[in-house]
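Take a look at the structure set out below.
The values are calculated or read from the model by the stated rules, or taken from the named source; none is laboratory data. The model shown is predicted, which means the values in this text are computed figures rather than measured ones. Please note: Cβ atoms are built from the backbone with ideal geometry, for glycine as well, and neighbour counts cover all protein chains shown. Heads up: the accessible areas ignore ligands, DNA and RNA and are worked out on the full protein's heavy atoms, side chains in. Shrake-Rupley method; radii C 1.70, N 1.55, O 1.52, S 1.80 Å.
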Amino acid sequence: MSSEEQLSAIKGAKVLMVGAGGIGCELLKTLALSGFQDIHIIDMDTIEVSNLNRQFLFRQSHVGQSKAKVARDVVLRFRPNISITPYHANVKESRFNVDFYKEFDVVLNGLDNLDARRHVNRLCLAADVPLVESGTTGFLGQVTVHLKGKTECYECQPKPAPKTYPVCTITSTPSKFVHCIVWAKDLLFAKLFGDKNLENDLNVRSSDATNLSEHSEDVFECRKGEDIEQYGRRIYDHVFGHNIEVALSNEETWKNRNRPRPIYSKDVFPDKLTKENGKTEKGSATDDVSAMASLGLKNPQDIWSLAENSRVFYESLRLFFLKRQKEIGNLTFDKDDQLAVEFVTAAANIRASSFGIPLHSLFEAKGIAGNIVHAVATTNAIIAGLIVIEAIKILKKDSNSYRMTYCLEHPSKKLLLMPVEPYEPNKSCYVCSETPLSLEVNTHHSKLRDFVEKIVKAKLGMNFPVIMSGASIIYEIGEDLEEDMVAIYAANLERALSELPSPVISGTVLTIEDLQQEFSCRINIKHREEFDEEREPDGMLLSGWVEAPVDKNNNKSIGNGESTSSVLSMEEIQEGEKDVEIQETSESAENVTGKKRKLSEVSKGTIPDHSGLPDESSRNQNQLEKLDVDDEDDELIISNDWESLTKKKRL
Ligand SMILES: Nc1ncnc2c1ncn2[C@@H]1O[C@H](COP(=O)(O)OP(=O)(O)OP(=O)(O)O)[C@@H](O)[C@H]1O
Ligand SMILES: [Zn+2]
């Protein structure tokens, strides 16, 4: 194709961009400057202050506005004659259906979560539109090309499981700060401010069966006539005092471990705490509510004493009840929620103090709790450039030159980009092939509700499923269902699988379809009587091409971070084994922490949440480690010819 033909292919192309964040801003700019003239952008978010350091299209004055719309307006200022159509919306909305996707020549993802990526992947497959997928984590990034039937789809490779910890480590025997963070975030915060109906192991090892009236469920509820200080002290004494005493009574546990120290509020803050009429509080908007501000603690990088942490604990609890009462019962931890981060930092530090674990600053705690790997704007720019290069190849139908490219940071070997030929579709991928999955389940005990929540939604990522057993529909989620059908399905949810009107038993083949994603798969049901509560907490075992690698020695576990995420935590980063150290910069210029991580970890957990292809990167990383490069030469290598290094798979 001549360069003129190429230009006209670019000009005539209709492109869909999903995500206008770190990669998205760079991508929109590069598309516009490369001659693209018809760009549609979907992003559900509004601009936050924390985006401004790298999402360069946005300014302070845009904070609170739609990313998609502002990105459009700003790019139109320097490319006024092109068409940019913004959608301030979730890409999972039903209006973005297969017909919508079919309008585009190529779809370009700049997303940050597995859920949305899987959704777009399925719609691209259904609409038969090429997808260029991307992701970055710090200095690492990757771009992959997905064409139905020709290259692997986004879901052809299993995704890594989020980092998890055994329940008993979190509830009883923490030995690292991250264990205290997970306890504070997933157990205590969830118990006090989250959905009360969700399972929570907070008291699992510490409730005293003989003393149920005091320490059963409602111990975490504010009691009648109790003021907020009394409530705060009672919670404090329960979780940091009483529960530790109970744990200590199990001598076996502490034979080879340091015994924790119970901490009671009267010892840490003997005086009355309550502020008078909230005089010192500023504003009432959620964003302004901060225990640190209210206590005059300014520097998030300071490590607070036990007394300061205790005050922050109490103050943040008080502010939640005073200023954010309506949200209580619905909150989930969010790293961008200042008050939540303050509460979790303080609770984790008090617990750490009890167990003799070094305390951490709010800045560090936030990084661990939010699984933050600090973004690097340059990586986003490089990745955006690579996305556009692949998009142009797709428009030129130049399938021999498609590449998936890894952006690596490997200072001693001076290597930046590693392109490899795309892989063929995985024949056992349940998304792009017809291969059925298998589910072991106790069909007499497990309810349809468990199957829908734990398998169909959580594992298969479906939004509007129709579940069929043979020709009969046993469950459906849809927008236009008749009332009587809704009632029947609601009743079915509460039935055990084998007691459904069309019983689901060993040998049943279920077909599950998501009408919005135009995606369907089959599941072979196998009845199994017993499940290991610790190792198989779902009471079901799905096998086939969905499983992330599982640590066989792991017990039932609690995760750190989003369910779809496995970004390395700071703690993991600090715990490497060997190899080259890789510098990691902090979120903002003034907060450079210079964390180091080992190459072995980078290759193991590389590009996880943002890319979802860790196996691939580690596969190729091994090749890289064998490279013999002249270390004295400071020039950075940007290779475009890695045939000799990478296993080729022609399409
Ligand atoms: N389901 C979705 N629908 C539409 N947009 C989405 C969806 N999921 C994620 N996004 C968008 O993808 C973008 C990802 O960008 P990025 O990774 O830079 O995240 P961010 O939220 O801007 O930054 P950070 O997470 O670091 O605060 C975000 O703007 C987000 O709104
Ligand atoms: Zn696939």
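Distances longer than 14 Å among the Cα atoms of region 434-479: what percent of all pairs is that? Counting pairs separated by more than 14 Å, the tail of P(r) holds 58 percent.
Derived scalar couplings between HN and Hα for region 326-340 equal 4, 7, 5, x, 10, 7, 10, 4, 9, 5, 8, 9, 4, 5, 5 Hz in order, rounded to whole Hz, by the Karplus curve 6.51 cos²θ - 1.76 cosθ + 1.60 (θ = phi - 60°), x for Gly and Pro. Ranked by the mean number of other Cβ atoms within 10 Å of their residues, highest first, the peptides 2-14, 391-403, 175-187 fall in the order 175-187, 391-403, 2-14. Short to long, the 5 Å bins of the Cα pair-distance histogram for region 46-128 hold 3, 13, 19, 21, 20, 15, 9, 2 percent of all pairs.
With a Förster radius of 22 Å applied to the beta-carbon distance between residue 526 and residue 494, the computed FRET efficiency rounds to 0.45. Peptides 344-352, 148-156, ordered by how many other C-beta atoms sit within 10 Å of their residues on average, highest first, read 344-352, 148-156.
Here the gap between residue 482 and residue 199, fully extended at 0.36 nm per residue and compared with their Cα-Cα distance, gives a gain of 98.7 nm. For region 318-464, the calculated P(r), taken from all Cα-Cα distances in 10 Å bins from zero up to the bin holding the longest distance, is 8, 17, 19, 27, 22, 6, 0 percent. Basic side chains Lys and Arg get +1 at the Cβ, acidic Asp and Glu get -1 at the Cβ, and with that the dipole of region 437-543 about its Cα centre reaches some 360 debye. Computed from the Kirkwood radius of its Cα pairs, the Stokes-Einstein diffusion coefficient for region 51-197 at 4 °C and 1.567 mPa s stands at 68 µm²/s.
Projected label points at residue 271 and residue 424, each 7 Å from Cα along the beta carbon direction, are separated by 7.6 nanometres. Taking the accessible area of region 437-543, probe 1.4 Å, and keeping the other protein chains in place, the carbon and sulfur fraction comes to 49%. Take the Cβ atoms of residue 509 and residue 536, set R0 to 22 Å, and the FRET efficiency comes out at 0.50.
Using the 1.4 Å probe convention, the accessible area of region 437-543 works out to 49 Å² per residue with neighbouring protein chains retained. When only the Cβ of Lys, Arg, Asp and Glu is charged (+1, +1, -1, -1), the dipole of region 1-82 relative to its Cα centre reaches about 220 debye. The equivalent ellipsoid of region 437-543 has semi-axes of 22, 15, 13 Å, largest first, where each one is the square root of 5 times an eigenvalue of the Cα gyration tensor. Shown for region 375-450 is the translational diffusion coefficient from the Stokes-Einstein equation, using the Kirkwood radius over Cα pairs, a temperature of 37 °C and a viscosity of 0.692 mPa s: 197 µm²/s. The stretch between residue 301 and residue 52, if pulled fully straight at 0.36 nm per residue, gains 87.6 nm over its current Cα-Cα span. Residue by residue, region 44-52 carries 3J(HN,Hα) couplings of 8, 9, 9, 6, 10, 3, 5, 7, 5 Hz when phi is fed to the Karplus relation 6.51 cos²θ - 1.76 cosθ + 1.60 (θ = phi - 60°); x denotes Gly or Pro.
What net charge do the residues around residue 521 carry, taking every other residue with its C-beta under 13 Å from that of residue 521, with Lys and Arg at +1 and Asp and Glu at -1? Here the charged neighbours net out to -1. Annotation: for a label point projected 7 angstrom from Cα along Cα→Cβ of residue 261, residues of region 307-325 with backbone N closer than 20 Å are 307-314. Scalar couplings 3J(HN,Hα) for region 71-80, obtained by applying the Karplus form with A = 6.51, B = -1.76, C = 1.60 to θ = phi - 60°, are 4, 4, 4, 5, 5, 5, 5, 9, 9, x Hz; x denotes Gly and Pro.
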